[in-house]
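> Could you have a look at this structure, given as structure tokens, before my questions?
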């Protein structure tokens, strides 16, 4: 696990950064390519690029943390906090009636699962930080 977790975190980071690069380079294509996004509101190029920057930075944080153990806890926890907030926001939208509960299963692979994985990696890195 000592070597596996950083590799998996780097893969997660590459995926997050890749998503962000897609959002930055082709926001309209991203908007129409990702299931359910069109139901969340009208296309907004500026907003998508803002969020794309966040995904690139978080992704690079996971990749860099994979190769720099001394920074791992900080970088992975910061990414996990944002990803978790994003996932909780999706749950909040259901709770207040903005979206129906069916969106939770649709969004799970791209929203909730990465947050859960990031939290697990962060806990792992925190537990190993004293060693």
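Rule-based calculations on the coordinates, nothing more; no lab input. Keep in mind it's a predicted model, so treat the numbers as computed, not measured. Using ideal geometry, Cβ is built from the backbone for each residue, glycine included, and neighbour counts are taken over all protein chains shown.
> How do 32-40, 14-22 rank on mean C-beta neighbours within 10 Å, highest first?
Values: 32-40: 12.6, 14-22: 18.0.
The peptides rank, most packed first, as 14-22, 32-40.
> While we're here: How many nm is it between the label spots at residue 93 and residue 53, if each spot is 7 Å from the Cα in line with the beta carbon?
Placing both labels 7 Å along Cα→Cβ, they lie 2.2 nm apart.
> Working from Cα positions, state the angle (0 to 90°, nearest 10) between the long axis of helix 69-95 and the longest principal axis of the chain.
The answer is roughly 30 degrees.
> Kindly express, to the nearest 10 degrees and within the range 0 to 90, the angle between helix 113-128's C-alpha long axis and the longest C-alpha principal axis of the chain.
20
> Using only alpha carbons, build the gyration tensor for the chain and give me the equivalent ellipsoid semi-axes, biggest first, whole Å. Please report the intermediate quantities before stating the final value.
Numbers: eigenvalues 154, 59, 24 Å².
Each semi-axis is the square root of five times an eigenvalue, giving 28, 17, 11 Å.
> For residue 74 and residue 123 in the same chain, what is the full-extension length gain: residue separation times 0.36 nm, less their Cα-Cα distance, in nm? Can you show the working numbers first?
Details: separation 49, 0.36 × 49 = 17.64 nm, distance 1.11 nm.
Fully extending the segment from residue 74 to residue 123 adds 16.5 nm.
> Sorted by average packing, counted as other Cβ atoms within 10 angstrom per residue and highest first, what order do 62-72, 41-51, 86-96 take? Write down the numbers at each step before the final one.
On the way: 62-72: 18.0, 41-51: 12.6, 86-96: 14.8.
The densest-packed peptide leads the list: 62-72, 86-96, 41-51.
> Follow-up question, since we're still on this one. Pairing the Cα long axis of helix 45-67 with the longest principal axis of the chain, what angle in degrees results, from 0 to 90 and rounded to the nearest 10?
20
> Find how much the distance from residue 40 to residue 110 grows on full extension, using 0.36 nm per residue of separation minus their present alpha carbon separation; answer in nm with one decimal.
Numbers: separation 70, 0.36 × 70 = 25.20 nm, distance 1.49 nm.
Between residue 40 and residue 110, full extension yields 23.7 nm more.
> Let me ask something else. Suppose R0 equals 41 Å. What FRET efficiency, 1/(1 + (r/R0)^6) with r the Cβ-Cβ distance, do residue 32 and residue 3 give to the nearest 0.05? Before the final figure, lay out the partial values.
Values: r = 39 Å, r/R0 = 0.95.
Between residue 32 and residue 3 the formula returns 0.55.
> Calculate for the chain the 222 nm mean residue ellipticity that helices alone would give, adding -39,500 (n - 2.57) per DSSP H run of length 4 or more and normalising by residue count, nearest 500 deg cm²/dmol. Let's see the in-between values first.
Numbers: 6 runs with 101 residues, N = 131.
Roughly -26000 deg cm²/dmol at 222 nm, from the helical runs in the chain.
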